[in-house]
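To start, the structure itself, in structure tokens.
The values are calculated or read from the model by the stated rules, or taken from the named source; none is laboratory data. The model shown is predicted, which means the values in this text are computed figures rather than measured ones. When we count neighbours, we look across all protein chains shown, and the Cβ atoms used for this are built from the backbone with ideal geometry, even at glycine. Heavy atoms of the whole protein, side chains included, go into the accessibility calculation; ligands, DNA and RNA do not. Shrake-Rupley method; radii C 1.70, N 1.55, O 1.52, S 1.80 Å.
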Number of protein chains: 2
Amino acid sequence: MASLRALMPALANKTYFNYGGQGPLPTPSLEAITASWGRIQELGPFTTAVWPFIEQEVARVRRSLAAACGVGAHRISLTENVTSGCVLPLWGLPWQPGDELLIGDCEHPGVVAACQELARREQLTIKPLAVQQRCRSTPQAQLPEAALAAVEQALTPRSRLVVLSHLLWNTGAVMPIAAVAQLLQGHPRQPWLLVDAAQSMGSLPVAEAAATADIYAFTGHKWCCGPEGLGGVAVSERLLEQAQPTLIGWRSLAHEGSAASSFHRDGRRFEVATSCLPLCSGLATSLNLLEAEGTAEQRLARIQAGSARLWRGLQGIPGVQTLLPEPPPAGLVSFSLEGRSTAAVVNQLGEQGIWIRRLDDPDCLRACTHITTTDDEIDLLLEALSALN
Amino acid sequence: MASLRALMPALANKTYFNYGGQGPLPTPSLEAITASWGRIQELGPFTTAVWPFIEQEVARVRRSLAAACGVGAHRISLTENVTSGCVLPLWGLPWQPGDELLIGDCEHPGVVAACQELARREQLTIKPLAVQQRCRSTPQAQLPEAALAAVEQALTPRSRLVVLSHLLWNTGAVMPIAAVAQLLQGHPRQPWLLVDAAQSMGSLPVAEAAATADIYAFTGHKWCCGPEGLGGVAVSERLLEQAQPTLIGWRSLAHEGSAASSFHRDGRRFEVATSCLPLCSGLATSLNLLEAEGTAEQRLARIQAGSARLWRGLQGIPGVQTLLPEPPPAGLVSFSLEGRSTAAVVNQLGEQGIWIRRLDDPDCLRACTHITTTDDEIDLLLEALSALN
């Protein structure tokens, strides 16, 4: 643990709890990015000599991400961010007017706004899927069943898509993605399952969920501690068959030199055009560094140890209300502080070099613990929160 | 000239003519990128303390690009690449079945394929706009008139969009964008004008064209010599009013915390979500370095001096046929070599450390001269081509 932490300059001068916003970039990852740029300039930038290097770096990060997702590399599309991964495969699906989109009430505003625009243009209907209150009132052991029941109750014969995050960015609860996928397979219309994996990738073992969802979209710059600007999406085999690409460029085309070309049949179908190749080298390095810290299960246990320590400490501070009724299943710890503006609390802590964030819906504070978080940091945050009173 | 060239490691070990594929990255730009990452880690990566730095770097590159385009900064959307800039604003326009898209026959396959898919979904019709033969047979002085006549002849009462590059990537001819824009304004349906500026931005003065087109999409990584993965698009005021965003994320939303938010009314409307901020610092640095070399007009004169030297030299090599009948108006010099496979020629030259590329349509070779190109390099290429015979 000490080793990875020591490689992160961002953690040297502050007490950091915003991994769910952006993870610190380890120095070896930045060095890999810079080295990649150097190599591109040495061999290229646009020469026959540089293509093997570029292909190798793209393949390396695609393989790493595929391994984490438990899918073949052909099911991974590289994207600029989570939103692109969520939304790009959606636009080219064969929608029919009246199709219903079932959207969880803890989804990120970006994805929701994109679905609203899709619904407007394709004459689809959006229906809410209420999970937030269930998260906040159901003990962890019963939550999978409760969340599944929420989906089951909201489904109608017209349901065509379910949108649900794996790890909810506001409450910090984990959704039973594989069970939802199984439920949807039994539905007469077999609705597609879109999973926002912004918070789960790099913090939870994701293979089971990623392999069963139709669209499992993630980013490298949060819990994976890669550079900003590179993420991806694991898409199902049926989605690769059913969805046409929308933002089409040379990378989408099987023969990039011809507009008459068919689209790639694999994940490259949803890739677009030139992107920042050195970011692939950086993310691959960050993924290696994480893997060196243990399996996904071992890392989650460490993340949980930290979030549990924080959650328990919060119970002892007057006026603090945690969103979850039990220690969190992952690294997101959300809470409110009675009678205090969340924005003001963020600023007051920030002045002390302690960084958490606030969310709009519900209006709350959120602190994240990663495998690099120390007990001392958690205790410092708890003390600072206590001192506000 | 020597100064910028000396700052480009890519030019130190090869004879490089692929600026139209990707420009060399100057060392100060890479240093600016690395420093930007360092600063983000020092202040953030996700803290109240880092937002002013990020806003400053985004604003700086947006202002530079807006100045080059001769438009207000509110008309610039930052994108990952040219294709995104071309295509993103298209999808959300108010299309009607039967609308006609007039697409130049020298357009890049990526943009054409995207328009084909748009046409399929919205039941639009694609009509060809023949400019290639005119470029190859018309003297430069008469080309604007000839190209304009081609557009005029192809227009019908159903025309709704014209797609035309500013500087054609295959023939190297310049299209009279401002005159086409004026022509379209007089058409009863006032078709939108989409301009692929992949080859013009950083090589030609673009302000007049960029300010009159509806969509003027460019990249920073070709003639601007910025990092790969960052480009932009200048959009017209009417496009900002008429087009809804499609790939929607937190950056598209006026209030990023709420899905009920309206979209930004300015260029951020077509921006999506997290991208690689340090690339902004790198591109801004590259643009500054270019500006230090002279005005856009002065730089074009230097580019033309090189391409004219190359074009003239090519006339003396048996079997060489240049695509243009006169020295090129910019830095793209395309030609064929009778009886030789273009792919084989690229490889043979590459073995000598001389890098040009081939194109599919028409099957030809292309060498680019930039302000960093020396007469010695041009002469070396000419000698190597002569020696093939």
Just the accessible area for B:SER286, please: 1.4 Å probe, Å², rounded to the nearest 10?
0
Looking only at other chains, what is the average number of their beta-carbon atoms within 10 angstrom of each beta-carbon in B:81-88?
6
Checking the cross-link filter: which lysines have an alpha carbon closer than 21 Å to that of A:LYS222, excluding same-chain neighbours under 8 positions apart?
A:LYS14
Let me check I have the definition right: for segment B:274-349, take the eigenvalues of the Cα gyration tensor, multiply each by 5, take square roots. What are those semi-axes in whole Å, largest first?
33, 19, 9
When Cβ neighbours within 10 Å are restricted to other protein chains, what is their mean count per residue of peptide A:270-283?
6
Take A:PHE53, B:PHE218 and sort them by solvent-accessible surface of the protein heavy atoms, 1.4 Å probe, largest at the top.
A:PHE53, B:PHE218
Sorted largest first, the Cα spans of segment A:74-154 on the principal axes come out in Å as 38, 31, 24
What the Cα atoms of segment B:12-132 span along the principal axes, largest first and in whole Å, is 54, 44, 26
Would you mind giving the average projected area, over all directions, of the Cα convex hull of segment A:198-245 in nm² with one decimal?
3.6
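How about segment A:150-198: which trypsin sites (Lys or Arg not before Pro) there lie in a loop by DSSP and see at most 16 other Cβ atoms within 10 Å?
Listed in order of number, the matching sites are A:ARG158, A:ARG189.
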When only Cα pairs under 8 Å and 6 or more residues apart are kept, what is the percent relative contact order across segment B:210-290?
30
Considering the convex hull of the alpha carbon atoms of segment A:200-299, report its projected area averaged over all viewing directions, in nm², one decimal.
6.9
Taking a label point 7 Å from Cα toward Cβ, how far is A:GLN182 from its twins in the other copies, in nm, shortest first?
7.0
Taking every alpha carbon pair in chain B, what does the distance histogram look like in 20 angstrom bins from 0, in percent?
28, 56, 16, 0
Can you compute the helix-only [θ] at 222 nm over chain B? Use -39500 (n - 2.57) per DSSP H run of at least 4 residues, normalise by all residues, nearest 500 deg cm²/dmol.
-13000 deg cm²/dmol
Putting +1 on Lys and Arg Cβ atoms and -1 on Asp and Glu Cβ atoms, find which of A:LEU88, A:PRO45, A:ILE76 reaches farthest to the positive end of the dipole of the protein assembly as shown.
A:LEU88
How far, in nm to one decimal, is A:GLY353 from itself in the other copies if the label point is set 7 angstrom along Cα toward Cβ? Shortest first, please.
5.0
If you take the Cα Rg of the protein assembly as shown and divide it by 2.2 N^0.38 Å, with N the number of residues, what do you get?
0.97
Ignoring ligands, DNA and RNA and using a 1.4 Å probe, state the total buried accessible area between B and A in Å², rounded to the nearest 100.
5700
State log₁₀ I(q)/I(0) for segment A:99-242 at q = 0.10, 0.13, 0.21 Å⁻¹ as given by the Debye formula over alpha-carbon point scatterers of equal weight, solvent excluded.
-0.31, -0.54, -1.44
Rank A:ASP376, B:ASP99 by accessible area, highest first, at a 1.4 Å probe radius?
A:ASP376, B:ASP99
Kindly give the distances from A:GLY70 to its copy-mates, label point to label point, with each label point 7 Å from Cα along Cα→Cβ, as nm values to one decimal ordered shortest first.
5.8
Determine how large the accessible area of A:ASP375 is when every protein chain is in place; take a 1.4 Å probe and give Å² rounded to the nearest 10.
80
B:VAL58 - accessible surface, heavy atoms, 1.4 Å probe, Å² rounded to 10
40
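At 1.4 Å probe radius, can you tell me the per residue accessible area of segment A:1-85 in Å²? Before the final figure, lay out each step's value.
Details: 2840 Å² over 85 residues.
The answer is 33 Å² per residue.
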DSSP-loop trypsin sites (Lys or Arg not before Pro) across segment B:323-373, with at most 16 other Cβ within 10 angstrom
B:ARG340
Please report the base-10 log of the normalised intensity I(q)/I(0) for segment B:237-389, using a Debye sum with one equal scatterer per alpha carbon and no solvent, at each q in 0.17, 0.18, 0.19 (1/Å).
-0.93, -0.99, -1.05
